Structure formats: structure tokens, C-alpha cells
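Notes follow once the structure below has been shown.
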Amino acid sequence: MTADSSCSSSLPSSPTLISNSTVFPDQQSTIGDLKLSVSDLPMLSCHYIQKGCLFTRPNLPIDSLIVLLKQGLSQTLSRFPPLAGRLMTNSDGYVFITCNDAGVDFIHANAGTVYIRDILDTTHVPDCFKEFFSFDRTVSYLGHFRPIMAVQVTELADGLFIGCAVNHAVTDGTSFWNFFNTFADLCRGVKRVPRLPEFSRDSVLISPAVLKLPEGGPKVTFSGDAPLRERIFSFSREAIQKLKARTNNRKWIENDVNDLNAVEIMAKQSNDTFQNNNGKMTSFIESWLKNAVMKQQISVITESNKETTVEISSFQSLCALLWRSVTRARKLPSSKTTTFRMAVNCRHRLEPKLDPYYFGNAIQSIPTYATAGEVLSRDLRWCAEQLNKNVKAHDNDMVRRFVEDWESDPRCFPLGNPDGASMTMGSSPRFPMYDNDFGWGRPMAVRSGRANKFDGKISAFPGRDGSGTVDLEVILSPETMAVLESDSEFMQYVSS
């Protein structure tokens, strides 16, 4: 691997534009205007979401492939009419999505001298990935004047990248990947797509409060020009279970990787929107059920006393490790307050619950605070417990309290790291990113564009193998990244 964060000098700086067209839904929308919610409106100051999938090159002429993708996109837009609409603000200051079938941008580009190995066999994510998306650093408010979504298909020498840019005031990660999965399914020829989005606007998230915006719209709340390093840190299932055992003060025995805690598996499944069309468990859990001879965690020996203790999840253990390691790498004064933010899905937290496929944003950002001295002097479990307590406490009452707080002072979301001591965890390893099979196989990798990236932004992706591995897309200042990469506590769990 090379450490260069840009593609080699022999590669073009930008793909060549082949065509730019508009794709319309293949059926007229019957959905009326959709009012933006208290979870949507704060995102008007954020960039469009940019996520995409890298594939090996399909055995299909490129002209036929482009036709196939446009037809599939047109069919998908009929199932997701808001994506083909535009934002509109009425005379009372309320912002709506008008489902007017205005269409989305479809860009075909060529980077034919770039090979998959050029962009995957690097330590840091190369900058040329940023060229595989449209709407670069476009603020979501501009959906009043531009398409809500753009799809860019970029040819590589031996591959293909399909990148989607979607207005963040219209979708969160759950809605985004539901769209992407449906797009792939329809291109593959699936006749009946089970994951239909739900467009109701009758929950507590729909508010009479008005968000007052400056003339010309809001701006992002962080600098887009600060030097950054981006790296994908991969964590194997075994490494994550070792880390979890450490967080929960348990000894690790090598066979533990085959005996995942049943409670955690079921808890994850109960929060997992993306089951198959029969509501069956994923193949991972099915395999566990078939092969499990419940050992009652005999191989896990508790070091602490016998009293009931809170079980820290694998993901919270990983977040706590990152919180400690980045705080240490930043060399902050011990009295400096640090913040670790986690985005949580509110669909299942509200009462009554929202539909699992509710379309729009249904997320809230939970901050956890501790001084740098506390984060570094306490053990890993203490850090994880702080995160665990806040996530666990975010129930129906807390979601409604967040809504009331916003209604008392409507505002855009202050994304960024203004004090140099913050971290923001987004996305989720539960999102079905690698289920996007357009007809020629699963993705080789999932990558994002330049949108909403700043020092301390972390995004969690599932690993490609589907066995419980996790990839963390970590964005840091160059100095902090260099220190993190030499941090033995952190790197001992990193597989690549």
C-alpha cells in the first residue's frame, strides 16, 4: 500500500464528462407536498449526502448499461417521488418538498485510465473519489433551485462507480440506502420490491414552528478548505469481540468469536429495519441459530464481581476506543471539554413508532461530554458507559424533549468541530450498503464524496464480508491522523 492520499500523477485530475441528462419518474406522482420536519429542517445547512458503490466492470456494453441504469432509476423514482421533486418555501415560511416530477440529474463520466487497485490499494482514501459525485459541497437549501438528487456513473478501466448525491434535508441514511437498494433491485430485474417508503407526515416531528433563514439560504457551519486526511480503518469481527470483552471486563478466549452474545444479536436485529421480504433474520443470525449449542457464555469468564452490570455493545466499545484515541492524538489540555456525538434513528424510539421505512430524516444527534482528562485517565469501560447511558436514555420522552427544544429555538444543525475537541459519528454498520447488486455482483467497496467532512467526522460502514466486520471512515487533521496511526492501543484492533 502507498500512503499517498491522491491518485497517482499519471491519472487524470477529473473524469471526462460523457453526457448529462435528466431522468424522470416513469409514472406520474400522486403524492402531494410533503412538509419538512424538525429533523429535516436543520439539515438545510448541510451538504448533499454523497455515497456510492464501486463495482467490477460488468460484461455489458457501456451504452446498454447506461440505458439499463436510466430505466431502473426512472422506475425507482416512481416509488420515491420526493427525490424527483424540488424544495419550496410558502408565504408562511414553511418548507415543503413538492413532488412535481421535475426529475434528477444523471451524469455519465469516464475515468478510463483509473484501475480499481489505484484507488483501493492506498492507506488514505484518494482524492479522486471526490470526482465521482455530483453536487460537490452543495448546501441542501439549494434544493429550491436544483434537483434533489443526482446519480453519476463513472467508468474505470476495470470497474464502475455509481455515486448518488441526495439532498440531506430530504433523506437520512435509512431513506438513502432504501432508495439505493431499490434502485439496484429494479435494475437487476426484481419484479416486486418489498421495502416501500412511507410518506406520512402526522408524527410529532411535523411542527408548526418556522425556521427563519437568512436571505440566500444558510451556509455550512464548518470550513470546507481545512487540510484533512481520510482513512478507512477496518475492524474484523474477532478484533471487535476482543474489544467488547475488554470493555465489559471479561477475559477473551479465542473461541469467543464463534459464540457472540445472543442478547446483543437479537437487540441489533430488533433495531434493524433492513430484513428480507419475509421478515426473516439475516443469514448471519440464521447461521448462528442453526449452529448454536448455547454455551451460556461459559468461555467468557467475568473478572469483576457477580453483580448485574450493563452490557456494553460492540459498537459502543468501538466508539469509546475512538474517543479515547483521538482525544489522546489531539494532545488536548486535561481540562478541555470533549464531545462525542452519535446520530440515532428515532423511528423505533417514538411512541407510536414510525414506519421502519418512513421517508425523510428521523434522526437526532446525541452529545456526550467529558474532559480530556476524564477520557484519558478513566478506563475504556467508563468512556463506553457514558455513551451507553445517553443512547439508552434516548427514548420516546427524550425524542419529544429534543423536538420541544428545537421548537423553542428553530435553528440549523451546527455541523463541525469549532473547538477542536469534538467528534461526530454518523452512518451505521447496520445499513445494507453491500446489498446493492445491480445484476453483476455486490460492490467491491463503499465510499463517500467531499460532503460534510471536517476534522473529527466519522462514518461507520459494514464490512464487505458481512460477518460482523466494521469499517470506520475517519476524517482528521493531518497531524492528528499521523498520531492516531501510531497509537498502539487503537491500531492493535485495526486489521487494515
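The values are calculated or read from the model by the stated rules, or taken from the named source; none is laboratory data. Please read these numbers as outputs of a predicted model, since none were measured by experiment. In this analysis, Cβ positions are derived from the backbone assuming ideal geometry, glycine residues included, and neighbour counts consider all displayed protein chains. Side chains are part of the model used for accessible areas, which takes the heavy atoms of the whole protein and leaves out ligands, DNA and RNA. Shrake-Rupley method; radii C 1.70, N 1.55, O 1.52, S 1.80 Å.
Side notes on the structure shown:
- Dipole magnitude of region 434-482, debye to nearest 20 (Cβ charges: Lys/Arg +1, Asp/Glu -1, about Cα centre): 160 debye
- Local electrostatic count at residue 484 - Lys and Arg +1, Asp and Glu -1, tallied over other residues with Cβ under 13 Å: 0
- Think of the chain as a dipole: +1 on every Lys or Arg Cβ, -1 on every Asp or Glu Cβ, centred on the Cα centre; then among 446, 220, 313, 313 lies furthest on the positive end.
- Solvent-accessible surface of protein heavy atoms, probed at 1.4 angstrom with all chains present, puts 131, 230, 404 in the order 404, 131, 230, largest first.
- Of all DSSP-defined beta bridges confined to the chain, some 75% are antiparallel rather than parallel.
- Taking the charge dipole of region 122-201 about its Cα centre, with +1 at Lys and Arg Cβ atoms and -1 at Asp and Glu Cβ atoms, the residue from 200, 138, 167 reaching farthest to the positive side is 200.
- Distance between region 110-129 and region 446-496 - C-alpha centres, whole angstrom: 17 Å
- Residue 27/residue 62 FRET efficiency (R0 30 Å; Cβ-Cβ; nearest 0.05): 0.65
- Listed pairs 51/212; 35/392; 70/453; 130/457 exceeding 18 Å between Cα atoms: 51/212; 35/392; 70/453
- Proximal charge balance of residue 372 [Cβ under 14 Å; K/R count +1, D/E count -1]: +4
- Charge dipole of the chain (Cα centre as origin; +1 on each Lys and Arg Cβ, -1 on each Asp and Glu Cβ, all else neutral): 540 debye, rounded to the nearest 20.
- Inter-centroid distance (Cα atoms) of region 176-254 relative to region 400-416, Å: 20 Å
- Label selected from [x] 73, 52, 43; [y] 67, 56, 47; [z] 64, 53, 48, the criterion being Cα extents along the principal axes in Å as computed here: [z]
- Here each label is just a point 7 Å from Cα along the line to Cβ, and for residue 378 and residue 409 those points are 2.5 nm apart.
- Solvent exposure of the chain amounts to 43 Å² per residue of accessible area, where only protein heavy atoms count and the probe is 1.4 Å.
- Neighbourhood charge, 15 Å Cβ-Cβ cut-off, centred on residue 475 and excluding it, Lys, Arg +1 and Asp, Glu -1: +3
- Rounded percent of accessible protein surface that carbon and sulfur make up, the chain, 1.4 Å probe: 49 percent
- Area accessible to solvent at residue 35, 1.4 Å probe radius, in Å²: 40 Å²
- Mean-position separation - Cα centroids, region 82-100 and region 310-324, in angstrom: 40 Å
- Given +1 at the Cβ of Lys and Arg, -1 at the Cβ of Asp and Glu and no other charges, the dipole of region 1-142 around its Cα centre is 160 debye to the nearest 20.
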